[in-house]
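Here the structure is laid out as structure tokens; the discussion comes afterwards.
Every number here is computed from the coordinates shown, using simple stated rules; none is lab data. Bear in mind that the values here come from a model prediction, so they are computed numbers and not experimental data. Note: ideal-geometry Cβ built from the backbone for every residue, glycine included; neighbour counts use all protein chains shown.
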């Protein structure tokens, strides 16, 4: 015979009921934290999220080993054609070259203007789950474009931060070191000062070409009606 509590339930029945309530509370807390994590992830997608930074040699390895991986060269069309580009690199300029010549920062140069349909054109070819390796000359534009793609909902965006040609030599991430060593290099006429190819795709000896395959040319330039 089971012992009874004053309210009429047996000890066994009460124990089972307590265990059930504890399990329900645990499940409720688990569901709450899962939902909270999902909400936090969704809210943070593209906002404050940084693209993964990789070197050119890592990008090349991914192209050879990871499915659904594509190299997107965001340099201008003249750079893509006349400086050269990696094999099978899709050209989607983040900025366009202009005929406006002006003093920009310290160096006079032809100006660039934003490609207003950059995301639209990318979206016509690539899925938001594709691995997109974003490459420019030296990592300046690629970081900006990669962040913009993340904000637009692309999940796997990689900034190939050493670029196709690399930064002007010497280059340091620390701004103080960068300024100091560039002053030393200039003052002492160091060989290669302000020249590129001390880092980047070409520095690593990775395959590149001058050939212009229509498959990889910026689609609006082909004269084919766009959807």
Completion exercise
Full extension between residue 210 and residue 117 adds, at 0.36 nm per residue less the Cα distance, a length in nm of 30.9 nm
Exercise for the section: Can you put 75, 53, 137 in order of Cβ neighbours within 10 angstrom, beginning with the fewest? Expected result: 53, 137, 75
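Nearest 0.05, what FRET efficiency do residue 128 and residue 53 give at R0 = 22 Å with Cβ-Cβ as r? Please report the intermediate quantities before stating the final value.
Working: r = 20 Å, r/R0 = 0.91.
After rounding to 0.05, the efficiency reads 0.65.
Using the count of nearby Cβ atoms within 10 Å as a rough guide to exposure, how do 165, 120 rank from fewest to most?
Numbers: 165 22, 120 11.
So the residues, fewest neighbours to most, are 120, 165.
If r is the Cβ-Cβ distance from residue 102 to residue 222 and R0 is 35 Å, what FRET efficiency results, to the nearest 0.05?
Values: r = 31 Å, r/R0 = 0.88.
Plugging the Cβ-Cβ distance into 1/(1 + (r/R0)^6) gives 0.70.
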Handout entry: Ranked packing of 109-115, 89-95, most packed first, by mean Cβ within 10 Å
Key = 89-95, 109-115
